[in-house]
Structures are given as C-alpha cells and as structure tokens.
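*Asks:* Can you read through this structure? Questions will come right after.
The values are calculated or read from the model by the stated rules, or taken from the named source; none is laboratory data. Since we're looking at a predicted model, the values are computed, not measured. Cβ: placed from backbone, ideal geometry, glycine included. Neighbour counts: every protein chain shown.
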Amino acid sequence: MIGTPPDSHLPPTARDAKDLHSLPRARTDSWNRLRDAARRLRRIDRSSSEHARLQQSCQALFEFLDAVEAFHAFPGRPTLRQVRQHFEKGIYEAFSRQTIRLVRLLTTDAYRRLDLSESGVTDYSDLLDVSRLSESVHGRLKQEERPYFEVLLVDDLSPEEEKELRTRLRNLRRPDDGFLYEVVIASTFEDALLAVLINPCIEGCVVRNTFPFPGSSSLDFISNVYELLRVTPAEIDAAMPSERSLILGQLLKKLRPELDLFLVTDAPVEDVAGEPSDAFNRVFYQQEDYLDLHLSILKGIDARFETPFFEALRKYSRKPTGMFHALPISRGRTIARSHWIQDMGRFYGNNIFLAETSATTGGLDSLLQPTGSLKHAQELAARAFGARRTYFVTNGTSTANKIVMQSLVQPGDLVLLAHDCHKSHPYAVILAGALPVYLDAYPLTEYSMYGGVPLREIKRTLLALRREGKLDRVRLLLLTNLTFDGVTYHPERIMREVLAIKPDMIFVWDEAWFAYGRFSPLLRGRTAMEATNRLLAELGSEDYRNRYQAWKKQFDTLDQDDDATWMDQSLWPDPAAARLRVYATQS
C-alpha cells in the first residue's frame, strides 16, 4: 500500500496521515513541498547529491498525491500526471512553472471561479500551458461569482469515457445557472466511500450499476470507513450489482446525509421502487438524460442553498418604509444627513441601515410565534441538524440556556450537571426551583485541564440517588459536549446506559462549541442528534429486542443491590420502557 511520502521530507501532519482527519492538511503540505522542490531542482547542479535527494522526495510526493487527487476534480489525476511527465523527463523549468501555478490556484481557490466551458480550455490540464491562459480567462476569474461544487459519478469508465462525460455535462451549462460544478469519477464501490470522506467539495453523487466492489485506491483507509459505518464488507461484496448500487446509496447517506443522490439503473422497477431507493433523490430508469440529470443536480443544490429569513430581510431592505412610530430607526437617514458621522455610514455600508426594523413595522416574522420566513428557516435548520424541531434564540447564551432549562424542569426536580457547565446553567436550575446535583470530571493533570464526566461517575450518582429513594425526582442530565478544552463524549453510549437505570431521563447536550460536528462524517456520531437517531433506530428494531431479552435473562441472575452489578458492565435499556427526549443547544 502507498502510504505517505518519506518522513524526512514531510511535516508531522503528512507523516501521520494514517487517518482521514489529517489527510486534507497532508494534501496541502505535499503540494507546497512539491512546488518548493521544483523551484530548487530548476536551480541546482544535476550532478549534486541534493539533486538526487530532491528527485527521491518528488517521486514520493507524486505517489502520495496521485492517490489523493483521484478524488478531486482540481487539479485531479490527469493534470498531476502531466506535471509528472515534465519532472521525469528532467524539464524542470516547465515542472516548476506548472506546480507554482497549480498551487497558486489551489491556495487562492481561483479554480472555483473558472468556468471551463466559457474559458476556451477543455480540461484543467490546459491551465498548465502558459499560452492558453489569456487575458479573457483572467477576466472571468475576477467576474465569476457563482458557488462551485463537485459531483461524484460512480461507474467503471475508461479515461476517454471520463473525458467525454465531463465535456457533455459542461456543454449543458447556461449563463443563468446558479452554480458551477465539475465531476469526480469513482470506479469502484470502495472508492466512492473514500471520495465523499476525502473531498468535502462533493455535494452530489450519481450512482450507476456497472462498477466493481473492491477499491483501487492505494490509501489504506477503507477499514476505518467500514468501522465508522458498522458494516461488513464481505456481505456487500456478495450482493448483486443492482443491489450493491442501492447499498452504496444508503451508506453514502449515512456518511454525508446532506448529499443529493441520483441512481441510474436498468434493474426491474419492482426491485428498486419504494424503500430500497429511499436514499436517492431521483431514479433514472433504463436511460440517462444528461440534461435532466444536470438540472436535477442544480435543483438539489438550489434547495439546500435556500435561506428564507435572509431572503425576506433582503426584500424588506428594498421596501420604502415610514418610521414615524419608531424615531430611532431612520434607515440611515440621520447618518447620511449628518455633518460629522458619515464615515460611520461608509464603514458599515448602506444595507445594514436599510435592514433596520422594529416589532411594530412588520415585514419580517415573529420570533415568538413564527409563521413565515423564520418558521421555514427553523424547519430547514432542523433538517440540516437531524433534529425534529429547531428554535432560534437571539437573547444570548445565558438567556437561551435559561429558556431551555425552565421549559424542561419544575420545582423540586433534581438536575445532574457537571462542574464545567456554562455558568448560566446552575442559575437556570435554581430559577426554575430545581436542585443541581454536581458531577465531577476526570482530571488531565499532564495538560492542566479537566476532561469530561466519566460514565461510571454518572451511574454511581444515579445509583446513590436510587438508594435514597430520590431517583423519581431526577429529571435531567446536562453535559457539555464538547468541553471547553475540546474533549468529546460518546453520547450514544451514555444515553443508552443511563436509560437502563432511569428510562425517562431527559438529556440536554450543550454543544455550543460543537455545531460543526454535525457536518463532519468523522465527528457526527459524537453529536447529540445523530446519537439519538441511531438509538431510536436501535431500540425500535427486532434484533435489539432479542438481544435485550438475552442480556436481561443473564443480568437478572446477578445481585441487583450491588452497585458493581450496574457499574462493571454495559447496561441495556428496556425498549418498551425507555423514552428518548434529547435536546441540544448550539451557538
């Protein structure tokens, strides 16, 4: 397997690219080091020992980048291999010039503003030729404002077929399209899984049914992916090709729930319709209409690009509005007419004052009883975060925490919370008439900080309250995930075992520092909403009920009054008694 370039020529982040977390950094570092080596090769004596060392370093960098660029549209593997040809032929002047240009386009994101169909070039490899980068191309780079994304196509294609496919989709672009996209090709099932993890620019995926299963990538991460997905590769490999396409859609949705998925299949309708194809936005039967596919891809992105409240605010700012009822709100008139503070108006710009509003002017929605744009925005936010409901609060962290706490507890309740919680949480508990029960986090003396609250500590506290006859008064468990020092909990395991002791426990996860976790395939499992959805699916399955009965039969033979019975093993909640009520707060 190809790993990473030699240790002596790469920074620690690239040397340690043994997991998917560090791969983007390793890619960037490798491109920068390839550029630096190319510059040096152009200047030094070819007979020197340094020349031989740099050649060896470049070979290793090319091997690493060849594996990574297979999952990116830019620069992509064809462009990289063209650069490599100049290196291997010893044409170091062209090698240096081309790597400098590619790295500049990468680091500045200029390639995202380049519409190849309008720029007189047929592929990114044409950018390597200085003579083809005309002034008109540079002009378009400055003018292009449409957001750019990439689409993954899963099919076993030859290089000629790949090029033809990209050209046909580019030719369908229109000036009034709201977005630009380029295509990434994955030729196998396993490569497709790696692609959506490695490349965050991929926002859609087209799955055909003519691709093999085993991966062709030399990046040895696929076992980590199967562990993340909790699936067995042998079972997938044994499936029929048409079934494998459906399985791939389901797994891609698990990894990246936001992806728009499209299936192109010639399987019988009865094998695809209904639940098997639920993961796909649309299915193309026994045909592939490129225009229809192109429009479907753009439609999916447009739906996710929707911002109801911002659009309402923009429309409101364009409306003429009288301000006789709220004199302080003058839509910038007092600033524009002032002899002294017009610099303030120039600093902030006109739009911020045109968007001024008050509760009595109307035009926007009500935060307390939303019925229009705010309600729609909250519904879209709930879908994005995997929640049943989402509510916006603009009063600040402390007030938001008090709203949540006072909505869930009542006088006399006991609330379990850690010492490292936000200062507003204990105040909110006391204001509601409830009583806080503090939990101790474990110390990390070496780093002069604390970690999280151990599951054992939570179970010990619950068992102590049960012995005192107070378990029925315990209402809520509140934990900060991740902590202020970056330590994350395992919410799924904690909620599962706590529900075995207290089946009606309410969970509040303070994710003020962890909103981004939902949008990382590698971190999503540690977020409250994802853990809840997994638990709901698990508790509702027949397989879990059978496993629970077997565990309960063995567990009932133990001494229930001995804390060790509960503390020293994993606990399983009764699916008939457990009730999941989970709330997450984010900033």
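*Asks:* Somewhere in region 445-452, is a residue assigned by TED's automatic domain parsing to the domain that holds residue 527, at pLDDT 95 or above and not small (Gly, Ala, Ser)?
*Replies:* no
*Asks:* Being outside any strand (DSSP E or B) and touching a residue at least 24 places away in the same chain (Cβ under 8 Å) is the filter here; which residues of region 176-189 pass it?
*Replies:* 177, 178, 179, 187, 188, 189
*Asks:* Pull up region 422-437, narrow it to residues that are in contact (Cβ under 8 Å) with a residue 40 or more places away in the chain and buried (at least 22 other Cβ atoms within 10 Å of the Cβ), then point me to the one that is farthest from residue 587 (Cα to Cα).
*Replies:* 434
*Asks:* Further question on the same structure: If you take the residues of region 513-550 that are of a type in the set (Gly, Ala, Ser), over 15 Å from the mean Cα position of the chain (by Cα) and surrounded by fewer than 19 Cβ atoms within 10 Å (Cβ to Cβ), which of them is farthest from residue 21 (Cα to Cα)?
*Replies:* 550
*Asks:* Inside region 154-170, can you point out the residues that are part of a loop (DSSP other than H, G, I, E, B) and not aliphatic (A, V, I, L, M)?
*Replies:* Of everything in region 154-170, those that are part of a loop (DSSP other than H, G, I, E, B) and not aliphatic (A, V, I, L, M) turn out to be 155, 156, 158.
*Asks:* Do the conditions hold for residue 530, that is, is it closer than 17 Å to residue 509 by Cβ and not small (Gly, Ala, Ser)?
*Replies:* yes
*Asks:* Filter the helices (runs of 4 or more DSSP H) completely within region 201-281 down to those with at least 2 residues that are in the same structural domain as residue 154 (by TED's automatic domain parsing), within 29 Å of residue 65 (Cα to Cα) and under 20 Å from the mean Cα position of the chain (by Cα). Steps first, answer last, please.
*Replies:* Details: elements: 222-229, 233-237, 241-255, 269-272.
Because the criterion is at least 2 residues that are in the same structural domain as residue 154 (by TED's automatic domain parsing), within 29 Å of residue 65 (Cα to Cα) and under 20 Å from the mean Cα position of the chain (by Cα), the helices (runs of 4 or more DSSP H) in region 201-281 that meet it are 222-229, 241-255.
*Asks:* Take region 539-587 and flag every residue that is assigned to a loop (DSSP other than H, G, I, E, B), under 16 Å from residue 504 (Cα atoms) and in contact with a Ser or Thr (Cβ under 7 Å, 6 or more places away or on another chain).
*Replies:* 580
For every residue, the table says whether it meets (1) β-branched (Val, Ile, Thr); (2) at pLDDT 95 or above.
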site	(1), (2)
396	no, no
399	yes, no
408	no, yes
411	no, yes
419	no, no
422	no, no
432	no, no
435	no, yes
439	no, yes
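*Asks:* Just need a number here: residues in region 84-114 that are outside any helix (DSSP H, G or I) and surrounded by fewer than 18 Cβ atoms within 10 Å (Cβ to Cβ). Can you show your working first?
*Replies:* Step one: list which residues in region 84-114 are outside any helix (DSSP H, G or I), which gives 89-91, 108-109, 114.
Next, from what is left, pick out any that are surrounded by fewer than 18 Cβ atoms within 10 Å (Cβ to Cβ): 89-91, 108-109.
Within region 84-114, residues that are outside any helix (DSSP H, G or I) and surrounded by fewer than 18 Cβ atoms within 10 Å (Cβ to Cβ) number 5.
*Asks:* Right, another one. Quick one: count up the residues across region 476-497 that are part of a helix (DSSP H, G or I) and within 29 Å of residue 448 (Cα to Cα). Walk me through how you get there before you give the answer.
*Replies:* Applying the first criterion (part of a helix (DSSP H, G or I)) to region 476-497 yields 491-497.
Next, from what is left, pick out any that are within 29 Å of residue 448 (Cα to Cα): 491-495.
Within region 476-497, residues that are part of a helix (DSSP H, G or I) and within 29 Å of residue 448 (Cα to Cα) number 5.
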